[in-house]
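Since every read-out is calculated from the coordinates, none of them should be taken as a lab result. Treat the numbers as computed from the prediction; the structure is a model and nothing was measured. All Cβ positions, glycine included, derive from the backbone under ideal geometry; neighbour counts span all protein chains shown.
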Amino acid sequence: MAKKLPEPTRMPRERAFLVGVEVHNTKHLLGLEDSLAELSLLADTAGLDVIGELTQKLDRPHPDTFIGSGKVEELKILSEEMLAQVVVFDSELSPRHLRQLELLLGNNIRILDRTALILDIFAQHAHTSEGMLQVELAQYEYFLPRLTRQWTHLARQGGGGGGRSGGVGGVGLRGPGETQLEVDRRQIRNKIMYLKKELEKVRAHRERYRAQRKRSRIPTVALVGYTNAGKSTLLNRLAKTDVYTANQLFATLDPTTRRVELPGSYTALLTDTVGFIQKLPTSLVAAFRATLEEISEADLLLHVVDASHMNALAQFESVQQTLKEIGADHIPMITALNKIDRLAAPEAARQIVEQYPRSVAISAKIGTGLPDLVELIKRELYENFTPIKVWLPYQQGNLISIFHDAGHVDRIEHGRGGVLIHGAVPGRLVAQFQEWQADKMPGKTEEAI
């Protein structure tokens, strides 16, 4: 009988202590307790064991240590007593905060903030070359002003001649009087420039792909929502596919597009996108621009909400806020209130639907409500028409043709250089005409043409 091989040994999880701060007159969608609970989930996803937490309310952050000096001393004592290896702050710390906290807490304890923790999770979950490029760029831009702790050799001073840089990029030559820190910073800036150029290539490729999709006239629906709301599970159900899913934050980062059949022989393309979260780091939003453009170029947004979550409404508002930041708030949107199988009673689902406009209660896991959802998607894409007035240059012959073929033309005025069209188009086409709306183009009126 063959001997069973032993299970591979796993690295022990690091012990983490959490720190939450509520700053007076600073508003966040989640309160201090709920935000710390979310940070605990993030820590678990990153492979940390949470062993305790510390909170403080302040009028303003301390300029040196973010928390007050008394709390720093309390944190030091607790961390040592509980053998903590990592301290995670639920706010973004400045380089100065990090340096001072490292000095006071000692070299045996790593200091992370919320942004660094999210970056670490993204690095673990990025699998495609595009996803890895985006995460790497965000990491470099975050760590550039925080190099002193990240690279162990930076205390050395350099004279003339060459020296091996243990930081990013391998070998770096130092000029007269140039410190190793300056060498590393220069190398990282060069790396950032390289990554941005590579991501511009990705962006151009995505733009060509989107243009090809538009020519095919198949509308695109972007799945958006708070992390772990169930977007990938819903995509699998609707498209009968097997996109990776897991009950954890940021289980998938890379956008996935699948074809979905709608009632009445209609079709649509569903694109799953990266989940949002409160206090989403600006560096991530910038790095994931090519991916987020999949959202801003969609014909319809399908906002998936975890209806069973105690902070469902706050999560909904957080996503709405992020959509506004990336310029996607003009796109028609419907809401899927997911995970109703976890609710105590069916009446609760009906009450929740009343709180959200144009919504359907569903369970992507067991299939409840999905026929109603696909019917709503079909109506939004193919049946509901939006009144619109556009001025289209003659060079935009494709859009003029689309308006005539798919929309209702009430009146058309031909003029020098283009046409002014009054009418209505299906909801799926509103985004395509966004930049040509006459109301947003001064001078493009009947009188002007």
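Sum up the charges of everything whose Cβ sits under 13 Å from the Cβ of L343, counting Lys and Arg as +1 and Asp and Glu as -1, but leave L343 out.
Numbers: positive: K339, R342, R350, K365; negative: D306, D341, E347.
Surrounding charge for L343 is +1.
Tell me the net charge near Q395. Cut-off is 14 Å between Cβ atoms, Q395 excluded, with +1 for each Lys or Arg and -1 for each Asp or Glu.
Values: positive: R416; negative: E435.
With Lys, Arg at +1 and Asp, Glu at -1, the net is 0.
Can you compute the charge dipole magnitude of the range 34-81 about its Cα centre, using +1 on each Lys and Arg Cβ and -1 on each Asp and Glu Cβ, nothing else charged? Give it in debye, rounded to the nearest 20. Before the final figure, lay out each step's value.
Numbers: 4 positive and 11 negative charges, 46 e Å.
Dipole magnitude for the range 34-81 comes out near 220 debye.
Over the range 27-121, what is the relative contact order in percent, taking alpha-carbon pairs closer than 8 angstrom and at least six residues apart?
Numbers: 78 pairs, mean separation 29.3, N = 95.
It comes to 31 percent, rounded to a whole number.
Listed highest first by mean packing, meaning other Cβ atoms within 10 Å per residue, what order do 362-371, 74-83 come in?
Working: 362-371: 18.1, 74-83: 14.7.
Descending mean neighbour count gives 362-371, 74-83.
What is the fewest-to-most order of L302, L238, L313, L195 by other Cβ atoms lying within 10 Å of their Cβ? Intermediate results must be reported in sequence, preceding the final value.
On the way: L302 26, L238 23, L313 14, L195 19.
If I rank by nearby Cβ atoms, fewest first, I get L313, L195, L238, L302.
Just rank W436, W391, fewest to most, by other beta-carbon atoms within 10 angstrom.
Details: W436 20, W391 23.
Ordered from fewest to most neighbouring Cβ atoms within 10 Å, W436, W391 come out as W436, W391.
For the range 218-383, what is the convex hull volume of its Cα atoms per residue in Å³?
Values: hull volume 17.8 nm³, N = 166.
Hull volume normalised by residue count: 107 Å³.
If packing is taken as the average number of other Cβ atoms within 10 Å across a peptide's residues, how do 419-426, 400-407 rank, most packed first? Don't skip to the answer; put the middle values down first.
Working: 419-426: 19.6, 400-407: 15.9.
Most protected by this proxy first, the peptides run 419-426, 400-407.
What is the packing order of peptides 133-139, 353-359, taking the mean over residues of other C-beta atoms within 10 Å and listing the highest first?
My ranking of the peptides, most packed first, is 133-139, 353-359.
When the Karplus curve 6.51 cos²θ - 1.76 cosθ + 1.60 is applied with θ = phi - 60°, which whole-Hz ³J(HN,Hα) does each residue of the range 312-317 get, with x for Gly and Pro?
4, 5, 5, 5, 4, 5
Quick one: Cα centre-to-centre distance for the range 78-148 and the range 312-343, in angstrom?
28 Å
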